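Peer 1: Take a look at the following structure, please.
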Amino acid sequence: MVAKKLFVMLLAAAAVLASGLVPALGQAAVPAIPIGEEAAVRVYYPDDAMRIAVYLGFEPFVYETNYREGYHVMVLAQAEIDRLAALGLRIERDTVWMPPPVTGPLPEGITTIPSYPCYRTVEETYAAAQAIVTNYPALAGWLDVGDSWQKAQGPGGYDMMVLKLTNSAIPGDKPDLFITAAIHAREYTTAETATRLAEYLVSHYETDADAHWLLDYHEIHMMLQANPDGRKKAETGLSWRKNVRDNCWYSMPPNGDGIDLNRNFAFKWGCCGGSSGTACSSTYRGTTAASEPETQAVQDYMAAVFTDQRGPLDTDPAPAAATGLYIDLHSYGELVLWPWGWTSTDSPNHTQHQTLGRKFAYFNNHTPQKSYQLYATDGTTNDHAYGLYGVAAYCIEMGTAFFQDCASFESTIYPSNLQTLIYAAKVARTPYETPLGPDALSLLATPAGVPIGTPMTLSATIDDTRYNNTNGTEPTQVIATAEYYVDIPPWVGGALAALPMEASDGSFDAKSEAVTATVDTTGWSEGRHILFVRGQDANGDWGAFSAIFVNLEPTAVELERFEAWPEGSAMHVQWETAQEIDNLGFNLYRSSTRSGPKVQLNGELIPTRVPPGSPFGAVYDWIDGYRLRTGRAYFYWLEGVDLHGSLTLHEPVRVRMP
């Protein structure tokens, strides 16, 4: 019914446009605009069908949408206003919205887009990527993967570049997340979001355990500017969408020259009414599939990082264990979209796409839906990635405007989508399986740093409910179990066995559970360690890992030796320290078996003989003559007590009384 209603509305809009009808007297709600001039207006729509119809019919003139109040911000001449008014739409002059200033070519040295200081230019984006590689050479590479249309023609133009993030010191087959941004030039938020994601990951590698393991065990590829020639046009304030191929017989920015790169991809190119064959249209698909060098660069890179995991038929699903994830960042619409866009029929992996889409939308509060539910598209990036390779593929439409204001970007759009993209990186290994499971969050280790051998408490929350259900409800289950790994995750050779975590309230019987474990650090090495935590729901689905750093400090006492020997009817116990760090003193215990109850021999703490932090140690003696039996073996235990109250029990010494 929605598709049928949309079709009817589109026919109505097209008929009005074609007829050139003007409204009846008094119908327009804005003062007349002089011939040759334009004005910003608010065009209110009664429902989603009309919202989409107006957008498709007048797309070059739409700059922003206010979803809460239900209107498009459009810059129109009187003729367009009359045609929209003929549809019975309410139209008002917008006295608040300000168009982006049209500046012409930017002067040399400009570091951000004029009037939009939160967004970097193409040159500054490239410089930021190069700075990442320079400052973090073991974590990043800056790859030339092709030329823009202008560069291919010469002179001018740009290299098509990909920023590749991974810890090159760790070998192995790693899952791939490939992100493209700004393929539609005027969408300011996209390139900056991807650039900041890259900066976040490398700058937090040593302090954020999730950033650390993502770069160690995954590869994250980012084409920060997928349409650099077009973006250069948009930086001047033009509402430029396409690349800059000189193909339109008349000059009418922004609906003139260029190919819509997101209608130019080979898969289902021009198949199904989701693009235009008119050269000056904003959705012009070009004369042939993948005709543009920018498209070719993206397609070739996809082919380099993804393997085909899907059969040749449109109905062939990718396997549940398929690996790899593709995301194309766009603005605007506050939507998370997945294949198909070329047909109303669900893709064979629709249910899995829907689950992950609802998870993404939990973080950025967007509406999750299949691409075709918005409108038909063909020759697009995400249909190409999924159609050819079977990888999970998404278009994320961020924000409410092409030229999004910086206040909204900084306060809401970037922070929420950063979390979306970090989650995407976490599930790239198995994006059709992992999102079915619960999230592990609020990890805490107390204390965060302990002497080797001292236990610590690990706690977390395992939550199976974190989906956006504004467009359908995702099934959820109670938590069944939780576990953690020390230093090495389970997909890496040499990983130790998983260690269990318990429900804090004693039973796993809720969809969100607090969990805890006592971590035994005996035998660990000194320094930083990483703990990986995940949970499983009652359906048997394991969720994404989250991680936390913990630090193991040298023991308060470094023992040189600890021994005992018979001396008459008593036992002489002696120990020597090599150094003592923050040591307060010792307790000495005796037991008749290794696992038996211990008797404390000292009534008061045996005080240290060296100042705290001393680089040297001391020799200590204790004579134990209390009720020792001949012919019996005894175990002696030494416990160090540091200045902070932490206790370290050293391995016992065994001696027989003759």
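Peer 1: Go through Ser344, Thr295, Val202 and say which Cα lies farthest out towards the positive end of the charge dipole of the chain; charges sit on Cβ, +1 for Lys and Arg, -1 for Asp and Glu.
Peer 2: Value computed over the given set: Ser344.
Peer 1: For the pair Phe616 and Ser291, how long in nm is the line joining their label points, each one 7 Å along Cα→Cβ?
Peer 2: The two pseudo-label positions are separated by 8.6 nm.
Peer 1: Of the listed peptides 355-366, 588-599, 635-646, what is their order by residue-averaged count of other C-beta atoms within 10 Å, with the highest listed first?
Peer 2: 355-366, 635-646, 588-599
Peer 1: Count the lysine pairs in the chain whose Cα atoms sit under 18 Å apart, keeping only pairs 8 or more residues apart in sequence or on different chains.
Peer 2: 14
Peer 1: Using modelled amide H (1.01 Å from N, peptide plane; none on Pro or chain starts), what sits under 5 Å from the amide H of Tyr394, excluding residues fewer than 5 places away?
Peer 2: Tyr326, Ile327, Asp328
Peer 1: Let me ask you something else. Charges at C-beta only: +1 for Lys and Arg, -1 for Asp and Glu. How large is the resulting dipole of region 126-434 about its Cα centre, in Debye rounded to 20?
Peer 2: Computed about the Cα centre, the dipole is about 440 debye.
Peer 1: Any idea what diffusion coefficient the chain gets from Stokes-Einstein, in µm²/s, Kirkwood Rh on alpha carbon pairs, 10 °C, 1.306 mPa s? Please list the in-between numbers first.
Peer 2: Working: Rh = 28.5 Å.
Calculated translational D: 56 µm²/s.
Peer 1: Right, next: What net charge is computed for the residues neighbouring Val550, neighbours being all others with C-beta under 13 Å from the C-beta of Val550, Lys and Arg scored +1, Asp and Glu -1?
Peer 2: The answer is -3.
Peer 1: Under a no-solvent Debye model with one identical scatterer per Cα of region 126-434, what's log10 I(q)/I(0) at q = 0.07, 0.08, 0.13 Å⁻¹?
Peer 2: The Debye formula, applied to the Cα set alone, gives -0.24, -0.31, -0.88.
Peer 1: Then there is this: Based on the Cβ-Cβ distance from Thr470 to Trp491, what FRET efficiency comes out when R0 is 30 Å, to the nearest 0.05?
Peer 2: 0.35
Peer 1: With an 8 Å cut-off on Cα pairs and a minimum separation of 6 or more residues, tell me the relative contact order of region 488-532 in percent.
Peer 2: On the way: 25 pairs, mean separation 14.8, N = 45.
Relative contact order for region 488-532 comes out at 33 percent.
Peer 1: Cα axis of helix 414-427 to longest principal axis of the chain: angle in degrees, 0 to 90, nearest 10?
Peer 2: 60 degrees
Peer 1: If the chain between Asp505 and Ala320 were fully stretched, how many nm would it gain, using 0.36 nm times the residue separation less the Cα-Cα distance?
Peer 2: Here the answer is 63.2 nm.
Peer 1: At Asp246 and Asn551, where each label point lies 7 Å from the Cα along Cα→Cβ, what is the point-to-point distance in nanometres?
Peer 2: 6.2 nm
Peer 1: While we're here: State, as an integer percentage, the relative contact order of the chain based on alpha-carbon contacts under 8 Å between residues 6 or more apart.
Peer 2: Working: 1550 pairs, mean separation 60.3, N = 658.
RCO, the chain: 9 percent.
Peer 1: While we're on this one: Excluding Pro319 itself, calculate the net charge of residues whose Cβ lies under 15 Å from the Cβ of Pro319, where each Lys or Arg counts +1 and each Asp or Glu counts -1.
Peer 2: -1
Peer 1: Another question about this same structure. Full-extension gain between Glu560 and Met98, please, as 0.36 nm times their residue separation minus the C-alpha to C-alpha distance.
Peer 2: 158.8 nm
Peer 1: A further question on this structure: When you count, for each residue, the other Cβ atoms within 10 Å and take the mean per peptide, how do 374-384, 305-315 rank with the highest first? Write out the running numbers ahead of the final one.
Peer 2: On the way: 374-384: 25.0, 305-315: 13.6.
Final packing ranking: 374-384, 305-315.
Peer 1: Considering only C-alpha atoms, what is the centroid distance from region 377-396 to region 283-326, in Å?
Peer 2: Centre-to-centre (Cα) distance: 6 Å.
Peer 1: Can you put Ile35, Ile452, Ile479 in order, fewest other beta carbons within 10 Å first?
Peer 2: Arranged by neighbour count, lowest to highest, Ile35, Ile452, Ile479 become Ile35, Ile452, Ile479.
Peer 1: Given a Förster radius of 51 Å and the C-beta distance between Asn602 and His204 as r, what FRET efficiency does 1/(1 + (r/R0)^6) yield to the nearest 0.05? Let's see the in-between values first.
Peer 2: Numbers: r = 47 Å, r/R0 = 0.93.
For R0 = 51 Å, the calculated efficiency reads 0.60.
Peer 1: For Asp147, list long-range residues whose amide hydrogen, built 1.01 Å from N in the peptide plane, is under 5 Å from its own amide hydrogen.
Peer 2: Distant-sequence amide H within range of Asp147: Met160.
Peer 1: Please report Arg245, Arg534 as a ranked list, fewest other C-beta atoms within 10 angstrom at the top and most at the bottom. Don't skip to the end; give the middle numbers.
Peer 2: On the way: Arg245 22, Arg534 26.
The order, fewest Cβ neighbours first, is Arg245, Arg534.
Peer 1: Subtract the Cα-Cα distance of Asp346 and Glu37 from 0.36 nm times their separation in residues, and report this length gain in nm to one decimal.
Peer 2: On the way: separation 309, 0.36 × 309 = 111.24 nm, distance 4.51 nm.
Separation in residues times 0.36 nm, less the Cα-Cα distance, equals 106.7 nm.
Peer 1: Turning to a different aspect of this structure: Around Thr476, with a cut-off of 11 angstrom between Cβ atoms, what is the net charge of the other residues, counting Lys and Arg +1 and Asp and Glu -1?
Peer 2: Every neighbour counted, the sum reads -2.
Peer 1: Now for a different question. For the chain, which cysteines have no disulfide-compatible partner, meaning no other cysteine Cβ under 4.7 Å?
Peer 2: Cys395
Peer 1: What FRET efficiency comes out for Ala127 versus Ala498 if R0 is 51 angstrom and r is the Cβ-Cβ distance? Round to the nearest 0.05.
Peer 2: 0.70
Peer 1: Follow-up question, since we're still on this one. Residue by residue through region 594-606, what is 3J(HN,Hα) from phi via Karplus (6.51 cos²θ - 1.76 cosθ + 1.60, θ = phi - 60°)? Round to whole Hz and write x for glycine and proline.
Peer 2: After applying 6.51 cos²θ - 1.76 cosθ + 1.60, I find 5, 9, x, x, 9, 10, 6, 8, 8, x, 10, 4, 6 Hz.
Peer 1: Within a 10 angstrom radius of the beta carbon, how do Lys164, Lys426 rank from fewest other beta carbons to most? The partial results should precede the final answer.
Peer 2: Numbers: Lys164 20, Lys426 23.
Listed from fewest to most nearby Cβ atoms, that is Lys164, Lys426.
Peer 1: Residue by residue through region 529-536, which ³J(HN,Hα) values in whole Hz follow from phi under the Karplus form 6.51 cos²θ - 1.76 cosθ + 1.60 (θ = phi - 60°), with glycine and proline marked x?
Peer 2: 3J(HN,Hα) across region 529-536, in whole Hz: 10, 10, 10, 9, 10, 8, x, 10.
Peer 1: In addition: Can you give the charge dipole size of region 557-656 about its Cα centre, rounded to the nearest 20 debye, using +1 on the beta carbon of Lys and Arg and -1 on the beta carbon of Asp and Glu?
Peer 2: 720 debye
Peer 1: Tell me the label-point distance for the pair Arg90, Tyr375, using the 7 Å Cα-to-Cβ offset, in nm and rounded to one decimal.
Peer 2: 2.3 nm
Where a number appears in this text, it was derived from the coordinates with a stated rule and is not lab data. A quick note: this is a predicted structure, and the numbers were derived from the prediction, not measured. So basically every Cβ, Gly included, is an ideal-geometry build from the backbone, and we count neighbours across all protein chains shown.
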